[in-house]
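This report refers to the structure that appears directly beneath it.
The values are calculated or read from the model by the stated rules, or taken from the named source; none is laboratory data. None of the values given here were measured: they were computed from a predicted structure. FYI the Cβ positions are ideal-geometry reconstructions off the backbone, even for glycines, and counts take in every protein chain you see. Areas reflect the complete protein model, heavy atoms only, side chains present, ligands, DNA and RNA absent. Shrake-Rupley method; radii C 1.70, N 1.55, O 1.52, S 1.80 Å.
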Amino acid sequence: MNRERQDDLPQDEFDDEEDALPVEPTPDLAEAAPGALKAGIEIIQQFARHLPNKPGVYRMFDRAGEVLYVGKAKSLKNRVTSYARGMAHTNAVARMIAETANMEFVTTGTETEALLLESNLIKQLRPRYNVLLRDDKSFPYILLTGDHDAPAILKHRGSRQRKGDYFGPFASVWAVTRTIDALQKAFLIRTCSDSFYENRTRPCLLFQIKRCAGPCTGEISIPDYQALVGQARDFLSGRSSAVKQLLSARMQEAAEELEFEKAARYRDRLAALSAVQAGQDINTQGVEEADVFAIDEQAGHFCVEIFFFRNHQNWGNRALFPRADRSLTPAEVLASVVAQFYDDKPPPRLVLLSHPVEEIELIGQALSARAGRKVEVAHPKRGERADLMAHAVKNAREALSRKLAENAGQQSLLAALGAAFGMETPPRRVEVYDNSHIMGTNAVGGMIVAGPDGFMKSHYRTFNISTDTIAGDDFGMMREVLTRRFSRLAKEEGISLSPHPEEAADAAVSKDAPESDGTSATILRDAPDGAPQDEGSPKKPRKAPKPRKDEDGFPSRPDLVIVDGGKGQFSAALKIMKELGAADIPLVAIAKGEDRNAMRETFHMAGREPFKLQPRDPALYFIQRLRDEAHRFAIGTHRAKRKRETMKNPLDEIPGIGPSRKRALLLHFGTVKAIQRAKLDDLMRTPGVNAATAKAVHNFFHDA
């Protein structure tokens with residue numbers, strides 16, 4: 001490859017504006033950190049000299065090896081060289097250049113391939129300077145299973161690995177549930193699990209109320225049932241008119257033959273299909289399958305509202321709040337959101353955008369390549385599509401206004417909470433802990449997290465209490481939960497912990513903790529009361545650990561910890577946090593009020609006598625919300641665990657016992673208790689059960 005000096009590059013290599021950054025200087029940043037900016041430019045120049053004029057993807061890394069930015073380019077040489085010129089259109093780009101210590105590159109055959117790879121890497125690596133989808137959780141789908149003779153219709157989230165037909169995405173689980181409920185009435189498709197299906201000896205309640213055709217017990221033949229499944233598949237695929245015409249013709253035929261009960265069943269099925277298509281707040285007759293993206297910007301924040309239309313039906317809408325630099329335009333944010341959104345989802349045949357995106361044709365080519373068919377990406381200006389877009393833009397504006405109002409209210413509540421507990425600054429991350437159990441059984445601990453955006457449910461955690469903890473020992477349960485939580489936090493922050501007080505004197509100083517600049521420092525841990533602190537050490541004094549942050553900038557280290565309990569729980573929790581080096585985090589325990597009444601709670605904190613808050617204090621209401629949410633989360637987790645234990649079939653734990661043999665045993669003996677009491681000879685006489693299986697079943701119950 002012919003290599004040229006950076007200073008000798010001809011100016012016409014930057015004529016392609018698509019691959020070159022704007023050249024407005026940023027003197028304020030250059031003057032603030034001239035050395036770092038100059039060093040970053042020199043590093044980028046070294047890489048730019050050897051890059052080809054080919055499409056590809058580049059990654060920029062900081063000195064710690066973390067990815068700063070992922071970008072794609074039609075020409076890697078032109079794009080990277082534009083960074084090396086020392087000019088940037090925003091302060092964020094200049095700051096990114098100053099932090100760059102290394103780069104990596106991947107060449108691709110086409111720019112379309114580069115765009116697909118870029119969106120994939122952004123979702124995997126979540127770089128700091130890219131537009132990130134913070135709320136892009138897995139959307140629910142409807143699944144018609146394809147790995148069973150009698151397919152089921154199910155709700156589905158996550159990767160689409162199970163064989164079958166997927167329909168969606170839906171905006172909410174509620175929309176999926178409502179649709180499945182109507183499809184059950186219309187097509188009588190089962191919703192039970194395969195194991196439940198295999199072990200039926202008589203039809204379940206859903207068959208009795210005309211919600212299932214009963215293929216499990218032969219109430220309908222498998223070919224006839226599969227025909228019903230085919231009708232449901234056609235309806236969800238957009239051929240609803242043909243399905244409704246077929247049902248209508250059969251209803252008329254049954255009525256003419258005076259089979260009025262049969263005709264009434266077809267009538268009810270038609271009504272169920274109409275219910276699926278009813279309730280549309282906007283007309284979608286001309287839009288059969290489309291996703292509508294509308295973006296709104298207020299106060300430097302962005303909201304992307306997405307409407308899903310399938311089979312001329314509105315399958316709901318979802319508001320996303322991407323993290324993006326304020327200097328970006330709505331069109332730039334929208335383009336990045338669309339590219340990332342379909343990284344793990346099949347795109348529809350039509351994607352409508354509220355803003356004219358520069359790379360709209362490239363996005364269409366990338367989505368077409370991903371879907372394996374033509375995908376149209378358009379910015380509507382008139383007609384029905386423009387009306388749909390106006391409706392979506394209005395919803396985006398309203399959703400962002402609500403979000404900003406909620407955040408402002410949440411900030412004031414956090415400020416009130418910090419003031420109530422004597423904190424110098426409002427807490428950004430509040431963790432609340434609660435345990436739930438019944439006489440010590442199925443004990444679980446729950447941690448909920450609140451921050452400026454309200455309840456941060458993606459940060460919630462559950463802890464299965466080990467059986468080593470004495471049943472009903474609330475202090476022991478709290479000790480286990482906090483130990484596991486803060487031990488992991490210390491590991492993430494690179495702090496060596498000593499859980500025993502007698503080891504604190506030897507381990508109070510943790511050496512060779514890496515600094516951000518690559519050097520080593522000495523971190524003096526909080527030792528328990530009475531432990532020496534080695535104040536004469538000539539090394540650096542104790543340095544507070546740098547709080548880690550996730551991709552949204554939300555800290556992983558709490559600013560305030562709240563536990564549900566009185567003085568005993570507070571003392572136990574405080575001792576644990578001191579042992580784990582987290583004594584600098586404020587700890588509060590909430591004791592229930594007199595007669596367990598709200599508004600009379602007593603609070604325990606280190607260095608203060610037990611106190612109460614005024615009944616009308618906003619902080620008190622906020623604390624009650626936090627405690628109730630922690631209580632709800634812990635109880636819900638406990639109930640789910642208890643339900644799993646209750647519904648567990650002992651036969652499932654026996655190796656070699658599959659659905660067929662389990663069904664044979666239940667058909668022969670009737671109940672699990674009868675199988676448990678049966679002798680070995682009786683088990684061996686069970687049809688379909690051989691001697692080895694009978695012996696395994698007998699040994700399992702009798703050894704237990």
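Overview of results
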read-out	value
Cα gyration tensor category, rounded, prolate or oblate, for region 58-174 with a/c compared to 1.5	prolate
Solvent-accessible ranking of R616, R370, largest area first, probe 1.4 Å	R616, R370
Heavy-atom accessible surface of region 38-134: percent carbon and sulfur, 1.4 Å	46 percent
Accessible area per residue, Å², region 309-374 with all protein chains present, probe 1.4 Å	39 Å²
Overall form of region 144-211 per C-alpha gyration tensor (a/c, 1.5; a/b vs b/c)	oblate
Label-point gap, in nm, between S138 and A664 - each point 7 angstrom along Cα→Cβ	3.5 nm
Which listed pairs, of K123/K374; K163/K262; K155/K643; K74/K123; K38/K74; K155/K185, have C-alpha distances above 28 Å, in listed order	K163/K262
Qualifying trypsin sites (Lys or Arg not before Pro) in region 648-704, DSSP loop, other Cβ atoms within 10 Å at most 12	K648, K679, R685
Rough spin-label spacing in nm, given labels placed 7 Å along Cα→Cβ, for V672 and S221	3.7 nm
Segment E289-S193, length gained on full extension (0.36 nm per residue, minus Cα span)	31.5 nm
Portion, in percent, of the accessible area of region 368-433 that falls on carbon or sulfur, probe 1.4 Å	49 percent
Pairwise label distance in nanometres, R373 with Q46, each label 7 Å out on the Cα-Cβ vector	5.1 nm
Segment K612-L680, extension gain: residue separation times 0.36 nm, minus the distance between their alpha carbons	17.8 nm
Ranked by how many other beta carbons lie within 10 Å on average, peptides 427-433, 308-314 from highest	427-433, 308-314
Accessible solvent surface per residue of region 628-704, calculated while the other protein chains remain in place, 1.4 angstrom probe, Å²	63 Å²
Exposure ranking of S221, S458 by accessible area [1.4 Å probe, largest first]	S458, S221
Residue-by-residue Karplus 3J(HN,Hα) for region 388-400, coefficients 6.51, -1.76, 1.60, Hz, glycine and proline x	4, 5, 4, 5, 5, 4, 4, 5, 5, 5, 5, 5, 5
